[in-house]
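Read the structure below first, then the notes.
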Amino acid sequence: MGGTDDGQRGQVFAEFAIAVPLLIMLVFGVVHLSVAMSVQQGVHAAAREGARVGAVTGGDACAAVADALAALPHGATSCTVVSSCPGGDSVVEVRTTYVLDIPLMPAGFQPDLGLSSRAEFRRER
């Protein structure tokens, strides 16, 4: 009788040892995705703010983007401002790219994630 119980215990332990690492990786993946989605919203808001500043005040749109991105986790950024006049209307377009680095996963499983956004506003007269 005791032998059957020990075999069951060993089987449960083996199943546990296989399932737990997979569940932990799943949880870290969900956390990583949640942080990435949150940062994507911040990048979009920064591009929109830069385009607004460029269109309304004529100020430095990239400085406004940098100020808006300051609250996000540390990452590499780039900002491009394009002013165009299609059909006589002056439009300010801001393109922002942000490379997200989240040190939650082991080094082999953690790619850098490039997030980008584009916003345009019609220039105020």
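Here are some notes:
- Table column - 3J(HN,Hα) (Hz), segment 52-69, Karplus curve with 6.51, -1.76, 1.60, x for Gly and Pro: 5, 4, x, 7, 7, 9, x, x, 6, 5, 5, 5, 5, 5, 4, 5, 5, 7
- Neighbour net charge for Ala66 - beta-carbon separation under 11 angstrom, K R +1, D E -1: -3
- Computed packing ranks the peptides 66-73, 26-33, 50-57, 14-21 as 50-57, 66-73, 26-33, 14-21, most packed first, by mean other Cβ atoms within 10 Å.
- Put a dot 7 Å past the Cα of Ser38, heading toward its Cβ, do the same for Asp101, and the two dots end up 2.0 nm apart.
- One chain, two ends: Asp67 and Phe28. Fully extended at 0.36 nm per residue, the span grows by 11.1 nm beyond their Cα-Cα distance.
Every number in this text was worked out from the coordinates using simple rules, so none of it is lab data. Just so it is clear, the structure is predicted and the values come from calculations on it, not from any experiment. In this analysis, Cβ positions are derived from the backbone assuming ideal geometry, glycine residues included, and neighbour counts consider all displayed protein chains.
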